[in-house]
Amino acid sequence: MRSYGTAVPITVERLDISPGKLTICVRLRPDTRYTNPQLAQQVVADFPQLPLHACVNPHGPTFASVLEHTSLAHLLEHLIIDLQVAQAPDEAAVTFAGHTTWTSESEGLARITVSFHDDACALRALRNAVEYIERTLTP
């Protein structure tokens, strides 16, 4: 991973790889800690399957239920999953799971866990998801 400065919306501070699971600790810039309707609209245009992801949340059964008002870390989790699905061979019936929690919401620190079937694919998905968020949120 490259080093991220404070001007970027999301900084990967720690990455742990264990069998079948990535654990990613991120820091979110104060003004970009949460999604909003405009960001959600852009994300859906670029990743049309994202709202259909199953998602355990208090508002509904899918990620669409919270997409307009969730943490940027939660969005990162679903982007990583979506990008892994897109890289999976067509004949592969693979599923992925993830979970995002605040470790310190006031400091913008969150921990994301995401399952994977191929570590290189998962790392590529992480890199591409972070770069997408940077491009989308950096003027």
Considering the range 72-92 alone, what residues qualify as being open to solvent by 10 Å² or more (accessible area, probe 1.4 Å), within 16 Å of V114 (Cα to Cα) and either of a type in the set (G, A, S) or free of Cβ contacts under 8 Å to residues at least 12 places away in the same chain (or both)? A86, A88
Quick check on the range 43-61. Is at least one of its residues within 15 Å of the chain's Cα centre (by Cα), open to solvent by 30 Å² or more (accessible area, probe 1.4 Å) and in contact (Cβ under 8 Å) with a residue 60 or more places away in the chain? yes
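When only residues in the range 4-26 that are of a type in the set (S, T, Y) and part of a strand (DSSP E or B) count, which is most open to solvent (accessible area, probe 1.4 Å)?
Start the filter on the range 4-26 by keeping residues that are of a type in the set (S, T, Y), which leaves 4, 6, 11, 18, 23.
Within this subset, residues satisfying the condition of being part of a strand (DSSP E or B) are 11, 18, 23.
Values: T11: 24, S18: 44, T23: 22 Å².
Among those that are of a type in the set (S, T, Y) and part of a strand (DSSP E or B), it is S18.
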Criterion first (surrounded by 12 or more Cβ atoms within 10 Å (Cβ to Cβ), under 18 Å from R135 (Cβ atoms), in contact with a Pro (Cβ under 9 Å, 6 or more places away or on another chain) and of a type outside the set (S, T, N, Q)) does V66 satisfy it? no
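For the range 27-139, which strands (runs of 3 or more DSSP E) that fit wholly inside it have 3 or more residues that are under 18 Å from T11 (Cβ atoms)? Please lay out each step first, then the result.
Working: elements: 54-57, 60-62, 98-104, 109-115.
Here the list reads 98-104, 109-115.
Among the residues of the range 95-119, write down those that are within 18 Å of G20 (Cβ to Cβ) and open to solvent by 50 Å² or more (accessible area, probe 1.4 Å).
The first filter runs over the range 95-119 and keeps only residues within 18 Å of G20 (Cβ to Cβ), leaving 95-100, 111-119.
Listed by number, the residues that qualify are T95, A97, H99, R111, H117, D118, D119.
The values are calculated or read from the model by the stated rules, or taken from the named source; none is laboratory data. Quantities reported herein were computed from a predicted structural model and do not represent experimental measurements. Every residue, glycine as well, gets a Cβ built from its backbone with ideal geometry; the counts of neighbours run over all protein chains shown. Just so you know, the surface numbers come from the protein's heavy atoms only, side chains and all, with ligands and any DNA or RNA stripped out. Shrake-Rupley method; radii C 1.70, N 1.55, O 1.52, S 1.80 Å.
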